Structures are given as C-alpha cells and as structure tokens.
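The values are calculated or read from the model by the stated rules, or taken from the named source; none is laboratory data. Source: prediction; values computed, not measured. Using ideal geometry, Cβ is built from the backbone for each residue, glycine included, and neighbour counts are taken over all protein chains shown. Side chains included, ligands, DNA and RNA excluded: accessible areas come from the protein's heavy atoms. Shrake-Rupley method; radii C 1.70, N 1.55, O 1.52, S 1.80 Å.
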Amino acid sequence: MSEPTDLTIAEARDLLAAGELSSRELTEAQIGAMEAGRGLNAYITETPEIALDMAEASDRRRSGGEAGKLEGIPVAIKDLFCTRGVPTTAGSRILDGFVPFYESTVTANMFAEGAVMLGKTNLDEFAMGSANLTSYYGAAINPWRARGDDRERVPGGSSGGSASAVAGRMALGATGTDTGGSIRQPAAFCGVVGLKPTYGRCSRWGVVAFASSLDQAGPMARSVRDAAIMLGAMAGHDPRDSTSADMPVPDFEEDIDAGVKGMRIGIPREYRVDGVPGEIEALWRRGVRWLEEQGAAAVEIGLPHTKYALPAYYVVAPAEASSNLARYDGVKYGLRVESDDLTAMYEQTRAQGFGAEVKRRVLIGAYVLSAGYYDAYYLKAQKVRARIADDFREAWRTVDAILTPATPSAAFRADDPPADPVAMYLNDIFTVPVNLAGLPGLSVPAGLTHDGLPLGLQVVGKAFDEATVLRVGRAIEAAAGFDARPAGR
Amino acid sequence: MSLDEATVARIARLARIATTDEERERLAGELSGILDWVEQLGDVDTESVEPMTGAIEMPLKSREDTVTDGGVAEDIARNAPRYAQGFLVVPKTVE
Amino acid sequence: MAATIEGATGVWEYAIGLEVHAQIVSNAKLFSGASTAFGAEPNANVSPIDAGMPGMLPVINMACIEQAVKTGLAIDGAVNAHSVFDRKNYFYPDLPQGYQISQYKQPVVSGGHLEIELEDGGTRRIGVERLHVEQDAGKSLHDRDPSSSHVDLNRSGVGLMEIVSHPDLRSPEEAATYVRKLRTILRYAGTCDGNMQEGSLRVDVNVSVRRPGGALGVRCEIKNLNSIRFLRRAIEVEASRQVGVLEAGGEIEQETRLFDVGRNVTRPMRGKEEAHDYRYFPDPDLPPLRLDRAWIDRIAASMPELPDARRARFMRDYGLSAYDAGVLVAEKENADFYEAAAEGRDKKLAANWVISELFGQLNKAGRTVDESPVGAAALGELIDLVADGAISGRIAKDVFAWMFETGKGAAAIVEEKGLRQVTDAGAIGAEIDGVMEREAAKVAEYRAGKHKLFGFFVGQVMRASGGKANPKAVNDILRAKLGG
Ligand SMILES: [Mg+2]
Ligand SMILES: [Zn+2]
C-alpha cells in the first residue's frame, strides 16, 4: 500500500470497504500532511478535532454496514462554504469572527455521504481573483516549482487553497467554486482535476455569493473518477435555492470508462489566441490526437463571440457582486469599525474590511448599474451573454463536447503577477465563456511545460451532460498518463 | 470612457466605501482602464437580442405558506458586533 | 370632490397620486419560512434569510403572489403572465441584505382602477398604474438610547403589495376616500388586514399643484403617513407650501419630504444631497415569475364578492338607499353582520336597526361590530318582536339599549320587564274609556268636528298604558268609540 495521503478517493474507498484501512487512520495521516504542509498556506482554518470525530463516526457507520458515497474520505472545504460552528471567512477581513449557524447544502450533502472535513481552504477574497493573491489570510502557494527555479508559484484562483491542498496531498479532494474559472484555472495550475458543473447542478444555498448567475460549486480531485464520485455526493436538487435544477443526479462514475468512440469533439477556432505559448497550442493538438486515436472525430467549430466573453463577464460579475456584497455593513456580523455616525461606520467598515480587488469590482459594479449607465453596460453585457450562449447552442447541433486549453499560461510566479487588472483578468479567457453559458467544464492535467509546470485541457459539455464531459476527460487522462508530482511543500 | 475622480467619489459613496484622495486617483485610472476594455462590447450586434439574466432557463420554485423558520435570535446575537436587549444596535439614524 | 386652493395670484388645483404599501396576509414571509405574526419579541420571527446572512437565498411564497393577483383582479388590473423581481440597492440598518427585492420594470399587475364615492353622491374613477410585490424592511427604534438606534428584523422580508395610483386625485378629501376605499377592497379580498396602527397599510403621497386644466406641476413625495388624518393634513400643508413657492416666483424641486406632525409642516428628508440611485437590476437569485393563465383564471373564479358589487346588490335586491348600502358595505364585517341580522326579515327595517341603533351604540362605546355585545341573531330576534307586534318600535329601542348593556336576549328582557305590548281589545277599551271620561270636554270638541284632536287622544291612551298598548289597536278602538 502506498502512503494513505497518495491514494485517490476511489482507491481509498476500496481499501476502506475491504477493511484494510480505517477512516481514522486515513484522517490522521491527512492531518499530519496538513500540518506538514502549512508552508503552502492552503488552509485558513484547520479542523483536526472535527475531522477525527467525523472519521470515528464514519468507521462506526461502516462497521454497522452503512457507507455513503464519500464514506470516511477526508476532504477540504473552500472557505466560501458556510459550515455550522466553524468560522467562514470568504478570505475577507470583513467576515472577521463570523461563525455560521447553518450548513451549506453542498457540505451537508457531502457529510451525509460520509465525508470527513479537514478544514477550510484559502481563496481569493470573496472568490475574486485568479492567483490567490487577494486573500486577507495571505497567499496560498502552489506546491509545484519550475525546474531550476525555486521561486514560489501561485496556485491560481480563486479556489487556490483547495487546488494546493489536493495537489500537495493535504486532502484527497476538495470543494471549489467557479464563477469565471475559479475551479478549472487553479486545477490546471496545480496539476489536478477540477469540474465546474452545469449551473444549477449544485445548490448555492449556504455558499457566500460572488456573482449569483455565474457561481457554481464543484469538485477538485486527483483523478477524473474522483471528481465524478465527489460530484455525485455534492449535487442534487435543493428546494432552498430557486436556481437549483430539479433534475435527477445520474451515477457519474458508471460510464466514465465507456470511451469516446463515435463522439464528435468540437475544436473552436476562436480559442487560438495571440500570445498564448506554443506549448499550450501543442498540448491542445495532442489532446485532439488522443481523442481521435480513441475513435472520436474532431470537428472545427466557431464560437464567434468568444472574445467578448471576458469584457461581458467583467460587467455582469461585478454588477452582481456589488449588490451581493452590500450585506457586509458591520451591522449583523463580521468586522465593524465603530463610529458615532452611521455613514462613517459603513464607509470605514467596508474600506477596511474589503481588499483592493474587491473594492475595485464593487465600484465597477455600482458604476455599471448606476443611473444612465445600466443600458450601455449591464444590459448590453447581458445581451452579449445571450449571444455567447447561442454560440454554444449552435455548436451542440454538430458536436458532443468541446476541447480547449484550460488556461493561457502555466502557474506564474507569486512575486511577479500580471501588472494591471485587465492582464490578470485574461487568465480566465478560456473558462469564462462556459460560466456565461452555464455549461459544465472540466479541467484535466494533460502535460507539463518545458520547465516542468502542469498544464490542463478543458472539456466543455452540454447543460447537465457532465457524464459526457467526464468520459472525455477520462479518455484524455488515460492517454496523457499524467503522473508527475509536485516537488514543493 | 474615462472615469474621473469625482465619479469615483460618487460611486464610492453609493457603495459606502471610504476612499482617500490617493485611492481615488489610482481607482480612476484602474477603473477607466477596465471600462475602456469593456467598450469593445459595443462591437457586438445585439439588435433584437433578449438580455440573458439567468444561466439556465428554469421554472421558478416556490415554498409553502407555512412557518418553518425563525427562532434564531440567539444565533444572530452571537454574531452581531453590537446587540442589546434583543436588538441589533447601530449609530443613531433618526430622520 | 375636487377642491381648489386660493392663492394670492389666483386659483390652484391639486394633483395627488398615492403609493400605498399593503402588507400581504400570509403565514410566512415573502421569501422565507419565518412567521409574519405581529407583536413578537424582537428578532424572534427572523430566518437567516431575513437577516441577510451570507449564502442565504430567497424562495418565493406563492401564497403571497396569489394574494397580489387577487388584489389586482379586485381593482380590475391586468395580471401579467411574466413578471420579474429586481433588486433595489441602498444601505440602511433595517435592510439586512443591502437591497430590497421588489419589482421594477415588470410588475405582477399593470393598470386597474377603483371607484370612489364623492360627497355629492356621485362617483369618480381613479386609475391605478401598477401593483407590485416586494419585501418589507425591518424596524428601527430611535427612542431607546440617546446615541444609538435599535433594529428589529421581525418585519424584514414580510410581503408587501405596493399599489400606485395615477395622479388623478383632486383634493385631500378624495385622497382620504381613495385610501378608505382601497382598504375596504383589500379587506374584502382578504389580502391585507388594513390596520394602519400596526403599519399594515402605509401611504406615501405625491403632491403637486397646477393652474386649473394646466399641465402637471413638479411633485414632491411625502413618505410614510400612517393615518388618514395625517394624510389629509400633509397634502394640505404641502400644497399650500408649493403654491407659496410658485407664487413667489420660485420653482418646486422634486424631492422626498417628511410630514412633521407636531409643527404641521413638511420638510425635506435629511441627506438629500445624496441623490438616490437604486441601481435596480433583475435579481439573479430568482428566475422570472411566470403565472399560468389557468391558475389566474381559477383565482378569478374564486374571488369573493367585492364592496361595489355588494353595494349594488343591497340596493337592487334589498331596496336600500345608496347611502345606507354604502354605509353597510364600507366594512366587510358590518355588511356580514347586516346580512345575518336581515336574513328572512324586512331588509330595510334591519338596515335601519343596524345603521342607527347598532352603529350608534358601537360608536359611543368605541367598539367594532366584531366586539358588539349584541350579535346578529339577537338583533334579529328583537326585529322579529317588533314585526310580530309583541313590542312597539319605541319600546324596542329601550330593549336594544338594555341588550347592549347587559348582553341579554330581547325576549328575556321583554318578559323580565313586562314590556309585552297590550293588544287585548277589552284592556285597551278600558284605558280609552278612562281617558274619555277625564277629557270629556275634548271629546265633545272632537265630536263637534275638531278631528285633529285624534292624535291627542292616542297620546293620552299610550301614556296611560305605559307605552305598551298596541298603537294600531288603540287607533281602531279609539276611532270607533269617539265616532259613536
Ligand atoms: Mg414608494
Ligand atoms: Zn415600495
């Protein structure tokens, strides 16, 4: 048996089922790894006592003949999910001291399936960022290093702590949330699998909102199968979320090895973007070849409004965020900067409670919704969004799934991030259109750069067709044989 | 589209975020940069396009008209920065 | 009726529009499962949704929408099959989410109207622009501490209907009549209890003045008037302020003002330098509200009888005057009481009893019909005693007063006090004989042709019988005996 912390969820599940490993043993090993890996700052809050209690309860259930889909599996929870009795920060100072008295639907679903919570992972403040550099609790670090360059790399964002924890063997899997790429981009940067499900597949209830029409929770894991197992436990209709889909949750694992023979895979020509390194283009071509070798047909398609996705996103997401973040006002919970004057209390609380990126987006959002600008910005962006969704709808007439690169670069250095906001925003160029259209997208590690940093490919599917996305992802995973491991801790 | 410091001040006020002169100067530049970049949306023909407000078309859910929640005053009190005699307490706000 | 304002430079006319916030009758709140009950301990009826806790999401209570649709149908509005919930963004401590979920561009009901009855007996149709559904805010209390305000979120998230009229109202009195009429309709429809003291019905008023027949002037909104009396006063005071400004050559600035009851003036709301910019946009947490035609039709088919229809029926079927019918239908409970008391009896007689005796006593006692010590069945019994000739109408009024005081039944009081009317011809004849004996001179005058003395004899006989003699029998026997 390999180190317990190296196991995939599927492997651990089999060992637990066979009685060769207890959840307590697995959890203890994982707690040890979590402590040893503190240098990566992947966790904001560690919950080892809770983890051990949950592990013991899981072992008892198993000996009683009960076992859920994630029975006894230690996982990490992005600190955007409200967890009852455990501080939930959203990576922001403004939620200082906030302890939810309710459990998010997704975490409740996972715990009901036997999952064990190790702690709450680091993230960009309010999930706004692509490098995990905006967290009030300090940057999370990518366990990967470039060959011959020991300087720290960003794990991507916003689910950077989750990606770092999973890649760094500090959890078997983790939850993420993805508003514009926040699961897929850090997964690609950290060499793990990340799945953003169809909008509505996982409940948003109890997840701190960033942009309500785009936010979606999903799994991050070390294999496509593990992502499928986790999604099965996380997903499901929730009557408490008006936007949660009342759809049956299929067994995502069932047909995962069924292959891609006879499938038509769309290759969007608009995803060939100037300035993207040649090795990313090459990896993409290799991905196409892998699928063709397994019997799929590659079809060039057009998604003509792709280049407008990012600017549309940077109107819609900040607009919704400016409203969603209005509740952080020092009155009900979290930080309050006292003053005799109400307006001063509000303004100081929010000035000191929010970081620079959050303020930037709240201000952009307030501006594009303000009188006289609504039509030109917000309404226009929502119309462009409709056109982007139409592009995909058109594509589904001819293809079953779409293959693209996951990111336009590998993980960049933490001490040398893109200089201006727009350059940083370009990180999500390949992932954002998928959120705007509400579709499922999967990032699979598929290769390394010339200097040994992981790169991912993205598979996009039809709404609620995660099963096909996972099948295609599994085919790439099998062909890529990605088995490189991060060096750093 | 260039956004000046007075406009930054106005929206910062709307958003209840205190800003210093320095911040307003920096923000005016940054926000203008973002808005200039966003301008390209104007190139898209959206004549007779319905704006998209939700990611996926779905029917509206509803709840029953029964009392199923409440009774969390203590939990609210525990999280509140200032709470007294059963109320949230804020600086005087009288009109 | 339309009123005018005499300015120094001539006559001005009122143009008044009302925005009425009516709390929806429901068990649970508009988007959460917390109770709407009034008068609970502070923050007891609050769910994490109503407190704006992180990650909380709204799910609509369709019973509230059904109530809004009922109300819309009651005012002849068009129910929209597609409407949208928007967020109205602003900061206030009793607004925990930092926005109010409301409806902006696409309300659930568009258009509509209601008829108001004027003092001269005519009616006027007042247009309704829209009815939309929105959340209430919490309550801020300012008198508990000199330096801080206290916030209670019990009302936060309670469903409201905002009903916006056209600026069709022409006098403070018409505005008052409109509110009363709307309140009556809401109570008939069962969609709002209309209790202004508890804040179930709140009125914002838009006031402008203009030269007769001229274009509408700039309006000011006066917020949160919680009684009809204050509404009327606020309109008067604001209109004369505007006339003053205009006649001095000034201009009216469109703004929101508050009515200072103590000083009897309106003043601008504080912080007006801060132009409101609510940044409305469709709430991404809520898909559009789509209503099924068949569902709307079912609600339409199950609508209760509304006040105008009931009034018309009272006039048509019961022969009541417009005035009496109007008085009876103004409160649903009153009309219900009347119909129960009138069931199987003379409708007009019953109406007189309810309006003059019952309402008179209730008014004096400061009670509503629901608190009446005399129930509909008891009043019916009394009316029957009069109709059967068991007691006279005169005695019945005394009996009613005792009933009201003691809560006892009519028959019991009549028996206990021996008030049953005397119809026995022998007994009445004996009383008449006695009177004719005492008043022999007058008898002679009568017989000599002074027939208008007849009434005098009736009065004497009635007095002698202690009011109990049956007046018809007295008439008949007296006429026979005098005529002899
Ligand atoms: Mg209003
Ligand atoms: Zn309103």
> What do you reckon, is C:ALA377 out of contact with any Gly (no Cβ under 7 Å at 6 or more places or on another chain), within 22 Å of C:ALA412 (Cα to Cα) and open to solvent by 30 Å² or more (accessible area, probe 1.4 Å)?
Replying inline: yes
> Looking at segment C:11-29, which of the residues that are within 14 Å of chain B (Cβ to nearest Cβ) and more than 16 Å from ligand 2 (Cβ to nearest atom) is most open to solvent (accessible area, probe 1.4 Å)?
Replying inline: C:ASN27
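Condition first: farther than 28 Å from C:GLU236 by Cα and either of a type in the set (D, E, K, R) or not assigned by TED's automatic domain parsing to the domain that holds C:TYR92 (or both). Can you find one or more residues in segment C:160-177 that meet it? If you could, list the steps in order and put the result at the bottom.
First, the residues of segment C:160-177 that are farther than 28 Å from C:GLU236 by Cα: none.
No.
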> Since C:PRO96 meets every condition but one in (1) outside any strand (DSSP E or B); (2) at pLDDT 95 or above; (3) of a type outside the set (D, E, K, R); (4) open to solvent by 10 Å² or more (accessible area, probe 1.4 Å), which condition does it not meet?
Replying inline: (4)
>> Yes or no: segment C:31-54 includes at least one residue that is of a type in the set (A, V, I, L, M, F, W, C), in contact (Cβ under 8 Å) with a residue 40 or more places away in the chain and within 16 Å of ligand 2 (Cβ to nearest atom).
In response: yes
> Given the structure, is C:ALA51 in a loop (DSSP other than H, G, I, E, B) and either within 11 Å of chain A (Cβ to nearest Cβ) or open to solvent by 20 Å² or more (accessible area, probe 1.4 Å) (or both)?
Replying inline: yes
>> Out of A:VAL368, A:VAL337, A:VAL358, I need the residue that is in contact (Cβ under 8 Å) with a residue 12 or more places away in the chain, open to solvent by 20 Å² or more (accessible area, probe 1.4 Å) and more than 7 Å from chain B (Cβ to nearest Cβ). Which one?
In response: A:VAL337
> Across segment A:89-138, what is the total count of residues that are within 17 Å of A:ALA76 (Cβ to Cβ) and among the aliphatic types (A, V, I, L, M)?
Replying inline: 10
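C:GLY33: more than 16 Å from ligand 1 (Cβ to nearest atom), over 26 Å from C:LEU131 (Cα atoms) and surrounded by fewer than 24 Cβ atoms within 10 Å (Cβ to Cβ), yes or no?
It is false that C:GLY33 is more than 16 Å from ligand 1 (Cβ to nearest atom), over 26 Å from C:LEU131 (Cα atoms) and surrounded by fewer than 24 Cβ atoms within 10 Å (Cβ to Cβ).
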> A:ALA90 versus (1) closer than 14 Å to A:ASN41 by Cα; (2) assigned to a loop (DSSP other than H, G, I, E, B); (3) open to solvent by less than 10 Å² (accessible area, probe 1.4 Å); (4) not β-branched (Val, Ile, Thr): which is the lone unmet condition?
Replying inline: (1)
> Of the residues that make up segment A:198-218, is at least one under 14 Å from A:GLY456 (Cβ atoms) and more than 12 Å from chain B (Cβ to nearest Cβ)?
Replying inline: no
> Can you name the residue in segment B:56-74 that is within 25 Å of the chain's Cα centre (by Cα) and more than 7 Å from chain C (Cβ to nearest Cβ) and, of all such residues, is least open to solvent (accessible area, probe 1.4 Å)?
Replying inline: B:ILE56
>> Any residue that is open to solvent by less than 10 Å² (accessible area, probe 1.4 Å) and assigned to a loop (DSSP other than H, G, I, E, B) - is there at least one of those in segment A:306-322?
In response: no
> If we keep just the residues of segment C:59-82 that are away from chain B (no Cβ under 14 Å), part of a helix (DSSP H, G or I) and open to solvent by 10 Å² or more (accessible area, probe 1.4 Å), which is farthest from C:ARG187 (Cα to Cα)?
Replying inline: C:LEU73
> Can you tell me which residues in segment C:1-30 are within 16 Å of ligand 1 (Cβ to nearest atom) and of a type in the set (A, V, I, L, M, F, W, C)?
Replying inline: C:ILE16, C:LEU18, C:VAL20, C:ALA22
>> What are the pairs with Cβ atoms under 8 angstrom where one residue, in segment C:1-26, is charged (D, E, K, R) and the other, located anywhere, is open to solvent by 50 Å² or more (accessible area, probe 1.4 Å)? Sequence gap at least six, or different chains.
In response: C:GLU13/C:ALA2; C:GLU13/C:THR4; C:GLU13/C:ARG211; C:GLU13/C:PRO212; C:GLU13/C:GLY213
>> With in a loop (DSSP other than H, G, I, E, B), open to solvent by 10 Å² or more (accessible area, probe 1.4 Å), over 26 Å from C:LEU57 (Cα atoms) and not acidic (Asp, Glu) as the only criterion, which of A:GLY39, A:GLY72, A:GLY68, A:GLY32 stands out?
In response: A:GLY68
> Looking at C:ARG202, is it more than 14 Å from chain B (Cβ to nearest Cβ) and either at pLDDT below 95 or more than 16 Å from ligand 2 (Cβ to nearest atom) (or both)?
Replying inline: no
> For C:VAL207, which of the numbered conditions (1) open to solvent by 20 Å² or more (accessible area, probe 1.4 Å); (2) under 20 Å from C:ASP168 (Cα atoms); (3) modelled with pLDDT of 95 or more fails to hold?
Replying inline: (1)
> Name the residues in segment C:387-401 that are buried (at least 19 other Cβ atoms within 10 Å of the Cβ) and at pLDDT 90 or above, would you?
Replying inline: C:ALA396, C:VAL399, C:PHE400
> Quick check: anything in segment C:216-230 under 24 Å from C:TYR188 (Cβ atoms), within 16 Å of ligand 2 (Cβ to nearest atom) and more than 14 Å from chain A (Cβ to nearest Cβ)?
Replying inline: yes
> In segment C:115-141, which residues are within 14 Å of chain B (Cβ to nearest Cβ), over 25 Å from C:GLY72 (Cβ atoms) and either within 16 Å of ligand 1 (Cβ to nearest atom) or not in a strand (DSSP E or B) (or both)?
Replying inline: C:GLY138
> Is it true that C:PHE38 is open to solvent by 30 Å² or more (accessible area, probe 1.4 Å), more than 16 Å from ligand 1 (Cβ to nearest atom), among the hydrophobic types (A, V, I, L, M, F, W, C) and within 21 Å of C:GLY199 (Cα to Cα)?
Replying inline: yes
> Restricting the first residue to segment C:276-290 and requiring it to be among the acidic types (Asp, Glu), which pairs with a second residue that is assigned to a strand (DSSP E or B) meet a Cβ separation below 8 Å and a spacing of at least six or different chains?
Replying inline: C:ASP283/C:ASP86; C:ASP283/C:ARG87; C:ASP283/C:ILE101
> Given the structure, is C:ASP152 among the acidic types (Asp, Glu), touching a residue at least 12 places away in the same chain (Cβ under 8 Å) and either open to solvent by 10 Å² or more (accessible area, probe 1.4 Å) or within 15 Å of ligand 1 (Cβ to nearest atom) (or both)?
Replying inline: yes
>> Among the residues of segment C:173-195, are any aliphatic (A, V, I, L, M), within 16 Å of ligand 2 (Cβ to nearest atom), open to solvent by less than 20 Å² (accessible area, probe 1.4 Å) and out of contact with any helix residue (DSSP H, G or I) (no Cβ under 7 Å at 6 or more places or on another chain)?
In response: yes
> Of all residues in segment B:5-34, which are under 17 Å from the mean Cα position of the chain (by Cα) and open to solvent by less than 10 Å² (accessible area, probe 1.4 Å)?
Replying inline: B:VAL8, B:ILE11, B:ALA12, B:ALA15, B:ILE17, B:LEU31
> If you scan segment C:88-106, which residues turn out to be within 13 Å of ligand 2 (Cβ to nearest atom) and basic (Lys, Arg)?
Replying inline: C:LYS88
